[in-house]
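Following: one structure in C-alpha cells, then a few remarks.
The values are calculated or read from the model by the stated rules, or taken from the named source; none is laboratory data. Computed from a predicted structure; not experimentally measured. When we count neighbours, we look across all protein chains shown, and the Cβ atoms used for this are built from the backbone with ideal geometry, even at glycine.
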Amino acid sequence: DTLINQIAAGEVVERPSSVVKELVENALDAGARRVDIDLEEGGIRLIRIRDDGGGIAAQDLALAVSRHATSKIGSLDDLEQVATLGFRGEALPSIASVSRFSLSSKTPSSEHGARLDIEGGKTGDVQPHPHPTGTTIEVRDLFYNVPARRKFLRAERTEFGHVEEWLRSLALARPQVELRVSHNGKLAKHYRPVVAEDEQLKRVAEALGQEFVGNCLTIDHGVAGLRLHGWVGLPTASRSSGDQQYFYVNGRAVKDRVVAHAVRQAYADVLFHGRYPAFVLFLELDPRRVDVNVHPAKHEVRFRDGRLVHDFVFKTLHEALAGTRA
Ligand code: ADP
Ligand code: MG
C-alpha cells in the first residue's frame, strides 16, 4: 500500500505548494474560518497547517489517511457537480507516504483531541493529544524517502514563492477566510477576513496591491444563466507582466484558453493593445455546463459550449472597457 500511495503521490504531490493546496482545501471543506500555514525552508523542512474547522473524531483518524476514504463523494451526481473542492480521497495517504506526517484533531463534540503519526507510510497508534476544535497537520521532510523526487525541489525561496502564489489565488476567491502564512518563523502574509460584500476590494488590495485596486473596473454582468463578476485592471505604465491574471469558474481557479483568448481580445480591441491584461474574474454557471478535468493537479475545465462562454466574456469586458474610453 505504501508503494501505491507513493505512486499516487507522484500525481498529487509535486512540491510543497501542492501539499499546501491539498491541506488548505481540506481545511476549507471542513468549514474552517481561519487557517494558519507555517513553513520552514520553503516547506521542504516543514509544512504545518492548522484550521478551526469541524475536525476529525479520534476513531476516524486512521480512516482519514487510508486510500479513497473520502467523506465527500455521496453519489455520481456529487462527483459531477464537484460541490466541494476536494473529491478524491488520496491526498492524505499520498502526502503521508512521502513525508514524516502527523495529524492532530478534535471535533466540537469530543472532550479531548487525538493524534496519529505516520512515517514513510507506517501508521502509528492513535494517541490522546490536546488540541482545540479543528485540525493540525504537520508534514516534515517532504520526499525524505524518495530521493529522486527530492532532487527536483528548487531553492527555498522558489518553493515558498509557489506557495505564496497559490495562496494569493485562493485568498482572492475566499475573502471570508482568514489566512496567515509564516516562513521560517516570520509572518509573511496575513489575509484578514472580509465580512461585508462591499469590502471585497480590501482582500484584492492585500493580494495584488494598491496599484491594481486604484486602477480597476468592477465587473458584474449576468445573462442567460452566465454571470461574470470581479475586477479588471486598467493599464498602468508600470505593469510589465501578465502575472496578475486570476480566473475562477464556480469558485475554482482555472487556466482556460477559451477564456484567456476572450479577455485578450477584449483588451486588444478597445485601447489596451500591447498592454498586459490584469484581472480577477469569477464566472458562475450551471456546473453541468462545465467538465472539470479529473486530473487532480491540473486546473483545466472544458465548457460544454465554449463559443457561448467566449462570446459572453468577450462582450462583457469589451463593453466595460469601452465605457472607460468615452
Ligand atoms: P478528500 O479531500 O478527497 O476527501 P483527503 O485525502 O484530502 O481526501 O482527505 C481524506 C478525508 O480526511 C476527508 O474526506 C475528510 O473527511 C478528512 N479530513 C482531511 N483533512 C481534514 C481537515 N482539515 N478537517 C477535517 N477533516 C479532514
Ligand atoms: Mg482533500
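Annotation note: Cβ proximity below 7 Å between a residue of the range 9-34 that is closer than 11 Å to residue 92 by Cα and assigned by TED's automatic domain parsing to the domain that holds residue 48 and a residue that is within 9 Å of ligand 1 (Cβ to nearest atom) and among the hydroxyl-bearing types (Ser, Thr, Tyr) (sequence gap 6+ or interchain) occurs for 9/94; 12/94; 13/94.
For the criterion of being more than 30 Å from residue 287 (Cα to Cα), among the basic types (Lys, Arg) and assigned to a loop (DSSP other than H, G, I, E, B), residue 115 fails. I want to confirm something. Restricting to the range 1-15 and keeping residues that are charged (D, E, K, R) and within 16 Å of ligand 2 (Cβ to nearest atom), which single residue is modelled with the lowest pLDDT? The selected residue is 11. Selection within the range 38-65: residues that are in contact with a Ser or Thr (Cβ under 6 Å, 6 or more places away or on another chain) and among the small types (Gly, Ala, Ser). The member of this set that is nearest to ligand 2 (Cβ to nearest atom) is 55. Once the range 11-36 is narrowed to residues that are under 19 Å from residue 56 (Cβ atoms) and assigned to a loop (DSSP other than H, G, I, E, B), the residue that is nearest to ligand 1 (Cβ to nearest atom) is 30.
When the range 165-191 is filtered for residues that are surrounded by fewer than 16 Cβ atoms within 10 Å (Cβ to Cβ) and among the acidic types (Asp, Glu), only 165 remains.
Total residues in the range 37-64 satisfying the condition of being assigned to a helix (DSSP H, G or I) and closer than 17 Å to residue 140 by Cβ: the figure is 3. Looking only at residues of the range 250-269 that are part of a helix (DSSP H, G or I) and among the aliphatic types (A, V, I, L, M), we find that the one that is farthest from residue 311 (Cα to Cα) is 268. Screening residue 105 on (1) more than 19 Å from the chain's Cα centre (by Cα); (2) surrounded by fewer than 16 Cβ atoms within 10 Å (Cβ to Cβ); (3) modelled with pLDDT of 80 or more shows it passes everything except condition (2). Residue-level analysis places residue 254 among those that are at pLDDT 80 or above, under 27 Å from residue 90 (Cβ atoms) and not assigned by TED's automatic domain parsing to the domain that holds residue 95.
Out of 123, 158, 136, one residue alone is buried (at least 20 other Cβ atoms within 10 Å of the Cβ) and either assigned by TED's automatic domain parsing to the domain that holds residue 56 or without any contact (Cβ under 8 Å) to a residue 60 or more places away in the chain (or both). It is 136. If only residues of the range 16-37 that are more than 20 Å from residue 150 (Cα to Cα) and more than 16 Å from ligand 2 (Cβ to nearest atom) are counted, the one that is surrounded by the most Cβ atoms within 10 Å (Cβ to Cβ) is 36. Quick one: would you say residue 13 is among the β-branched types (Val, Ile, Thr), more than 27 Å from residue 132 (Cβ to Cβ) and buried (at least 17 other Cβ atoms within 10 Å of the Cβ)? The answer is yes for residue 13.
Within 15 Å of residue 8 (Cβ to Cβ), at pLDDT 95 or above and among the hydroxyl-bearing types (Ser, Thr, Tyr): is that true of residue 99 in this structure? Against the criterion (within 15 Å of residue 8 (Cβ to Cβ), at pLDDT 95 or above and among the hydroxyl-bearing types (Ser, Thr, Tyr)), residue 99 qualifies.
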